[in-house]
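Following: one structure in structure tokens, then a few remarks.
The values are calculated or read from the model by the stated rules, or taken from the named source; none is laboratory data. As the structure is a prediction and not an experimental result, all values here were calculated from the model. Every residue, glycine as well, gets a Cβ built from its backbone with ideal geometry; the counts of neighbours run over all protein chains shown.
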């Protein structure tokens, strides 16, 4: 028998108080009813049973789809469970579970698991209607669409260089030619300074703010400074972003609204509780 152990322990995350359980439950929870449905014994280790429910949990932790588990995967996981049981028996025999640090960590994991799965059970009771999701879509997706910009720039080290280039452009110089000759942004210089289509979120703040104030076809007469240097910017085009279709984002909207309900539940628990924080 190869000495193998389950290699995917439950990970706990540190998060802000009101969001902690809402985030933790999504990564820890699974449906216990399906796991316990067929709890047949797969092996007996010194009188202790290794069961199919344990195998299902092991598959979940190892990111193996139990419904399509291969014979090789099953053997490996059962082998790991048997070895884990042997080590557990040896540890209990030495009262290792009574070690203060071990006991504290076990309690922390147990508490987190119970709380997270209880929160998941509550989450299952929330039924989000299409009307709620549509309202969220209208308010947070359709009403908050960014603009997309198509611009070119020439990046240089100093403000004087940038102002000199602006004067050349005002005198009729070709932007693309100057970008290829003088821009230190090699990625865009080969394309005549063309940055393609982008939203404000895709660019550094000074660049985005400058572009947002410009009109289509305009050359910014004032060079813009960023951490990369000085930009000479020309805005070629502006368009509205095409929003995703409602049906495409419904699943994500549902998750967001469920988390909002969970956060309200946690807020209510906090408001009714007597909590003393020791500094």
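Some observations on this one:
- Looking across 185, 194, one residue alone is surrounded by 15 or more Cβ atoms within 10 Å (Cβ to Cβ) and over 19 Å from residue 157 (Cβ atoms). It is 194.
- Boolean, residue 257 is closer than 21 Å to residue 147 by Cβ and under 33 Å from the mean Cα position of the chain (by Cα): no
- Looking only at residues in region 213-237 that are farther than 13 Å from residue 150 by Cβ and part of a strand (DSSP E or B), the one that is farthest from the chain's Cα centre (by Cα) is 219.
- Restricting region 155-183 to residues that are free of Cβ contacts under 8 Å to residues at least 60 places away in the same chain and in contact with a strand residue (DSSP E or B) (Cβ under 8 Å, 6 or more places away or on another chain), the residue that is nearest to residue 234 (Cα to Cα): 175
- Residue 151 being under 30 Å from residue 250 (Cα atoms) and either modelled with pLDDT of 95 or more or surrounded by fewer than 13 Cβ atoms within 10 Å (Cβ to Cβ) (or both): no
- If the condition is being within 23 Å of residue 186 (Cα to Cα) and in contact with a helix residue (DSSP H, G or I) (Cβ under 7 Å, 6 or more places away or on another chain), then region 222-252 contributes 223, 224, 225, 226, 230, 231, 232, 233, 234, 235.
- Only one of the listed residues (158, 199) is under 19 Å from residue 230 (Cα atoms) and in the same structural domain as residue 223 (by TED's automatic domain parsing). That residue is 158.
- Counting only helices (runs of 4 or more DSSP H) wholly contained in region 38-154, the ones carrying 2 or more residues that are in contact (Cβ under 8 Å) with a residue 12 or more places away in the chain, within 34 Å of the chain's Cα centre (by Cα) and within 30 Å of residue 257 (Cβ to Cβ) occupy 52-61, 100-123, 130-140.
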